[in-house]
Amino acid sequence: MNKMFPTALLLLSSTISGATFANFTAIECNDCSATAAQQQAAKALANQETKSIYVVDFVNYNVKKFKQDGDAVSTTTMTLSENLQVNNHYAHRKVNLRSVD
């Protein structure tokens, strides 16, 4: 009985945190300019319902977050947790991506 509550709490917290990591969209644009990255983001945002997207560049080890406001697509600052989320998603590549703002 004493172990039931902590076990249930641990199970609930792991379920909630897993849902957080699964809800983002990233596209690759390796060694592309800022304009090309914005064009790729605009194209991807036009085809989906989410309002933000991450553009990942494995050649230069960086990631940019783009946000859609109406018809305009612009870069926005990333939080540390968002940067960690993207790096955890691409952990199998053994690279550390840094955010570029």
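The values are calculated or read from the model by the stated rules, or taken from the named source; none is laboratory data. The shown structure was predicted, so the numbers you read here are calculated from the model rather than taken from an experiment. Cβ atoms come from the backbone with ideal geometry, glycine included; neighbour counts cover every protein chain shown. What goes into the accessible areas is simple: the full protein's heavy atoms, side chains included, and nothing from ligands, DNA or RNA. Shrake-Rupley method; radii C 1.70, N 1.55, O 1.52, S 1.80 Å.
So the values come out like this:
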read-out	value
Members of the stretch 88-101 that are touching a residue at least 12 places away in the same chain (Cβ under 8 Å) and either acidic (Asp, Glu) or in a helix (DSSP H, G or I) (or both)	ASN88, HIS89, ARG93, ASP101
Qualifying residues in the stretch 61-77 (those that are among the charged types (D, E, K, R) and free of Cβ contacts under 8 Å to residues at least 24 places away in the same chain) - the one nearest to THR25 (Cα to Cα)	LYS67
Selection status of LYS67, in contact with a Lys or Arg (Cβ under 8 Å, 6 or more places away or on another chain), open to solvent by 60 Å² or more (accessible area, probe 1.4 Å) and at pLDDT below 90	no
Looking only at the stretch 78-97, and only at residues there that are open to solvent by 50 Å² or more (accessible area, probe 1.4 Å) and under 12 Å from the mean Cα position of the chain (by Cα), the one that is nearest to ASN30 (Cα to Cα)	HIS89
Options ALA72, ALA46: the member that is open to solvent by 70 Å² or more (accessible area, probe 1.4 Å) and at pLDDT below 90	ALA46
Close pairs (7 angstrom Cβ cut-off, 6 or more residues apart or separate chains): assigned to a loop (DSSP other than H, G, I, E, B) in the stretch 42-60, open to solvent by 50 Å² or more (accessible area, probe 1.4 Å) anywhere	LYS51/LYS67; PHE58/GLU28; PHE58/ASN30; PHE58/ARG93; VAL59/ASN30; VAL59/ASP31; ASN60/ASP31
Residue list for the stretch 29-41, filter: touching a residue at least 12 places away in the same chain (Cβ under 8 Å) and surrounded by fewer than 11 Cβ atoms within 10 Å (Cβ to Cβ)	ASN30, ASP31
Some residue of the stretch 16-28 being open to solvent by 60 Å² or more (accessible area, probe 1.4 Å), among the small types (Gly, Ala, Ser), modelled with pLDDT under 70 and in a loop (DSSP other than H, G, I, E, B)	yes
Flag if LYS51 is modelled with pLDDT under 90 and open to solvent by 80 Å² or more (accessible area, probe 1.4 Å)	yes
